[in-house]
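Here, each number is a calculation from the coordinates, and none is a lab measurement. Everything numeric in this text was worked out from a predicted model, so none of it was measured. Methodologically, a virtual Cβ is constructed for each residue, glycine included, from the backbone with ideal geometry; neighbour enumeration extends over all protein chains shown.
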Amino acid sequence: MMLVETECSCFKGTAFAATDGMSTTMNRLLEIGFQPAGHWLLIEGELSFELLRHASQRNVLYAFVSDGEVQYVGKTVQPLAKRMYGYKNPGPGQSTNIKNHAFIKDLLQKGAAVDILVLPDNGLLHYGQFHVNLAAGLEDNVIAVLQPPWNGKWQLPKEDGDESLPDLPPPSDSFLFVLQPTYFNTGFFNVPVKHARSFGSDGEEIEIYCGLSSKPISGSINRRANVNGSPRIMGGAGLRDWFQQNAMQMQQLTVAVYSRNSIGIER
């Protein structure tokens, strides 16, 4: 199969388009405007990345590609370089970052290339007078059609001493909330009044399981912040970082209440 570069010879990975009609999931992204932006690499055994374009671009849809196949698709409102740094150096409780860090590193250690493709938003797409966020609008459908393996459920090989996911009880209550800018930037959220009784008293600690993380974020219940007495769940920097790494402002998130002092949050 003859291959030709889609952009320029400065990209060292697999960002190529097939010329003999063979279809890959990568080609389907290139056809809708994705561009090679950089690649992952190992430096003295540690994960690193190189971005040759779009490093400061915000509101992008990005993909990790290996051997012509899309492994993961995500979106970010942060500069692309900052989002990639999250995968390079994942923090505690950042389940998506931890997962993809391990998967990328595993492929590189096996000698495979992992490229970073990006669909930049030029800001020209509008519906009437409203700007349409291209990344937000396409992400779910691209994932549904291509089914990248890293976007699904995952489980890393267990070693001695590894912690498994906790055996949580079935949720006793659940609700949705909109990730307001203040929540996104500060690391808290308010509980709707009708669900207030599902939570503990003012000042009590609460465990917050985010995504698939086995380690909860330690937070607290504040019933003094809202005049109606409904709880404000204070997750601090840990919850703020998870919001900013895994969700977008004004996105709806789901809360599962396992007990008066234990909850889970999912996108």
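Brief remarks follow.
- The H on the amide N of Glu204, modeled in the peptide plane, is under 5 Å from the matching H of Ile221, each at least 5 residues off or on a different chain.
- Electrostatic bookkeeping for Gln109 treats Lys and Arg as +1 and Asp and Glu as -1; over the other residues with beta carbon under 14 Å from its beta carbon, the sum is -1.
- Each residue of region 77-84 was assigned a 3J(HN,Hα) from its phi angle through the Karplus expression (A = 6.51, B = -1.76, C = 1.60, θ = phi - 60°), giving 9, 7, x, 4, 4, 5, 5, 5 Hz with x at Gly and Pro.
- Between Thr254 and Lys194, the simple spin-label model (points 7 angstrom out along Cα→Cβ) gives 1.8 nm.
- Net charge of the neighbourhood of Gly91, taken over other residues with C-beta under 12 Å away and scored Lys/Arg +1, Asp/Glu -1, is +2.
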